[in-house]
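Worksheet: the structure to be examined is printed underneath.
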Amino acid sequence: MSEKVLMKGNEALAEAAIMAGCRHYFGYPITPQTEVAAYLAKRMPQIGGTFLQAESEIAAINMVIGVASAGKRVMTSSSSPGISLKSEGLSYLAGCDLPALVINVQRGGPGLGGIQPSQSDYFHATRGAGHGDFHMLVLAPSSVQEMASLVFKGFDLADKYRMTTMILADGTIGQMMEPVSLDMGEVREYDKPWAVTGTRGERKHNIVNSLSLLPEELEQWNIKRYERYAQIEKTETMYESFMADDADIVVVAFGVAARVARNAILAAREKGIKAGLIRPITLWPFPKAALKEAAKHAKAFVSVELSMGQMIEDVELAIRCSRPVLLCSRVGGMIPTPEEVLAKIEEADKTGGAE
Amino acid sequence: MIVFDRPHALADVKLHYCPGCTHGIVHRLVAQAIDELGIEGRTVGIAPVGCSVFAYNYFNCDMVEAAHGRAPAVATGVKRANPDNIVFTYQGDGDLAAIGTAETVHSAARGENITVIFVNNAIYGMTGGQMAPTTLPGQVTQTSPYGRKVESVGYPVRVCELLSNVTGAAYLERVAVNNVKNVRAAAAAIKKAFRYQMEGKGFSLIEVLSTCPTNWGLTPDKALAWLEENMIPYYPLGVYKDKFAEEGKQA
């Protein structure tokens, strides 16, 4: 059952999508997520699914809206500049309360940026994915195994809460090969009485829509959505804790940065520094409670990111700035080395974070 | 006994359109085609952004409200999800021929089996009468107050002519709703476009020349005359493409 196969991260996620019952994929070529499209271009026709290369990212996300409106599981994938183009659609998906899965295999930015790994779309994913008040569920895989399992789970969460799930990956996890178990379990089916599949003369017409010109009504739609978000924050937050229970220095990192941080923490422990890792798996909802709890024993935090310092704001907010938070970051496609992270841990340990 | 009645597919609600606007006629023709073909229960319509944004309230079939210009992409998704559905978009000239040009051209190029109802009234109505991609040379609008100057803003886009070069398009026809004869021809074209989709023939687009008395600053009857005198010469009526015309003649 738990037999493992060697797969690339991007291919593992694509296969997991199929296992989750996704039969519709729309995308537009962009590095470094091309394997997703290439894999699905081969697989979808074999299983009677739809692979369609759209004329633009904008068209692709709107095709996603079409399939989601019809009540079927659907996904698109892209990388940072392409995700910017999808932002309009992400806002409409939220406004229409539609479930969908969107993959962002991040690359360096802004602008055309580069094609090497990055985590600099953290703000976009967790705060500014489009106009209006809304959130997406944001999952951050840190291994090829999680590329698969979080995609499978992401589809379930999307249906459960009628939301977009974004898989916020990076080029490293997408390109690397690791053994992965594709034993994903059963697909849960959700009733979608709101879907536009034709009335068949048996019900009033369904309307998938995000427009209301009545301020009182539009306010209520937003409030209802945020009630759902509050529930999700309580029940769906995911993180991994590694040697963090007694840690003086708590490192916070996700995705590829967490893999680097883990090595640095082991090195720090060898030097007698009690370091530990809290790895958010959900970036929204962010594991605020876990960090708040860690602040009880930690004297400082270190946020390790492939950005100029984006997640660090969530770390500071989670602990209400009660402890110093140091930033260890590389950008532009560069990845911090374990030595760089270790140096930052040592700095935090020596100074208690006092700058 | 002949009873002139509201088509079942047209919801029994008050439309918000301005007096004299021809959107109401086009709505009726679409609903009538749906009724006559008996497809209301499996039809999904895609509403645009523009004057007809509330079209989702006016048809009794399932409806999706798309972002500006994106209706053909949304329609593509709906159709691919359930190919048994009859899927149409209802779009204005700003939506279809400006911000949604790529979606229009490429859904046609793919030969997407959908029906596009394109209402061309040569102006942005909902936002108060700005210059549209189809605004005629010299036509005064809020954003072309001295008349459309083709030297600086270019020429109107003739959608049917443009798409007639797209191999994937199956059926393209331009009609008008300014008099009884033309309305009857429009009804036939719209019904044929839906029928083509039912027969799996691919992409159809019916361009309907329409009036906007409010933003043209004309009375409804003068607007109809303006359409006749100014729009039809620039946008000639007729079939621009029909891949299956020969087949039709035999039938």
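The values are calculated or read from the model by the stated rules, or taken from the named source; none is laboratory data. These numbers were taken from a predicted model, which means no experiment stands behind them. A quick note on method: Cβ atoms are made from the backbone with ideal geometry, for glycine too, and the neighbour counts reach across all protein chains shown.
Annotations
- Extreme residue, surrounded by the most Cβ atoms within 10 Å (Cβ to Cβ), among residues of segment B:143-173 that are more than 26 Å from B:Tyr196 (Cβ to Cβ) and in contact with a helix residue (DSSP H, G or I) (Cβ under 8 Å, 6 or more places away or on another chain): B:Pro156
- Looking only at segment A:62-104, and only at residues there that are away from chain B (no Cβ under 14 Å) and out of contact with any strand residue (DSSP E or B) (no Cβ under 6 Å at 6 or more places or on another chain), the one that is farthest from B:Pro72 (Cα to Cα): A:Pro81
- Residue match in segment A:288-296 (condition: touching a Lys or Arg at 6+ places or on another chain (Cβ under 7 Å), modelled with pLDDT of 95 or more and surrounded by 17 or more Cβ atoms within 10 Å (Cβ to Cβ)): yes
- Output for segment B:31-40, where each listed residue is more than 8 Å from chain A (Cβ to nearest Cβ) and not polar (S, T, N, Q): B:Ala31, B:Ala33, B:Ile34, B:Asp35, B:Glu36, B:Leu37, B:Gly38, B:Ile39
- Considering the conditions (1) closer than 30 Å to B:Met63 by Cα; (2) surrounded by fewer than 20 Cβ atoms within 10 Å (Cβ to Cβ); (3) at pLDDT 95 or above, A:Gly128 is excluded by exactly one of them, (3).
- A count restricted to segment B:61-77 and to residues that are out of contact with any strand residue (DSSP E or B) (no Cβ under 7 Å at 6 or more places or on another chain), surrounded by 24 or more Cβ atoms within 10 Å (Cβ to Cβ) and more than 7 Å from chain A (Cβ to nearest Cβ) stands at 1.
The rows are residues; the columns are (1) part of a helix (DSSP H, G or I); (2) touching a residue at least 60 places away in the same chain (Cβ under 8 Å); (3) of a type in the set (Gly, Ala, Ser).
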| site | (1), (2), (3) |
| --- | --- |
| A:Gly309 | no, no, yes |
| A:Asp314 | yes, yes, no |
| A:Arg320 | no, no, no |
| A:Leu326 | no, no, no |
| A:Gly332 | no, yes, yes |
| A:Pro336 | no, yes, no |
| A:Val341 | yes, yes, no |
| A:Glu346 | yes, yes, no |
| A:Lys350 | yes, no, no |
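- Any hit, segment A:41-53, residues being more than 22 Å from A:Gly108 (Cβ to Cβ) and within 9 Å of another protein chain (Cβ to nearest Cβ): yes
- When residues of segment B:103-117 are limited to those that are touching a helix residue (DSSP H, G or I) at 6+ places or on another chain (Cβ under 8 Å) and not in a helix (DSSP H, G or I), the one farthest from the other protein chains (Cβ to nearest Cβ): B:Ile117
- Of all residues in segment A:271-307, those satisfying the criterion of being in contact (Cβ under 8 Å) with a residue 60 or more places away in the chain and β-branched (Val, Ile, Thr) are A:Ile273, A:Ile281, A:Thr282.
- Filtered residues of segment B:91-118 (kept if β-branched (Val, Ile, Thr) and buried (at least 24 other Cβ atoms within 10 Å of the Cβ)): B:Thr104, B:Ile114, B:Thr115, B:Val116, B:Ile117
- For segment B:78-102, a residue qualifies if it is of a type in the set (Gly, Ala, Ser) and facing another protein chain (nearest Cβ under 8 Å), and the qualifying residues are B:Ala81, B:Ala102.
- Within segment B:41-60, the residues that satisfy the criterion of being farther than 24 Å from B:Thr143 by Cα, within 7 Å of another protein chain (Cβ to nearest Cβ) and part of a helix (DSSP H, G or I) are B:Gly41, B:Arg42, B:Tyr56.
- Residue among A:Ala20, A:Ala14, A:Ala38 that is hydrophobic (A, V, I, L, M, F, W, C), away from chain B (no Cβ under 14 Å), buried (at least 24 other Cβ atoms within 10 Å of the Cβ) and more than 21 Å from B:Glu112 (Cα to Cα): A:Ala14
- Which listed residue, of B:Gly92, B:Gly20, B:Gly45, B:Gly50, is within 21 Å of B:Leu227 (Cβ to Cβ) and in contact with a Cys (Cβ under 7 Å, 6 or more places away or on another chain): B:Gly92
- A:Val64 vs. criteria more than 24 Å from A:Thr197 (Cβ to Cβ), assigned by TED's automatic domain parsing to the domain that holds A:Val151 and of a type in the set (A, V, I, L, M): no
- A:Gln33 meets all of the listed conditions (1) touching a Phe, Trp or Tyr at 6+ places or on another chain (Cβ under 9 Å); (2) of a type outside the set (Lys, Arg); (3) buried (at least 23 other Cβ atoms within 10 Å of the Cβ) but one, namely (1).
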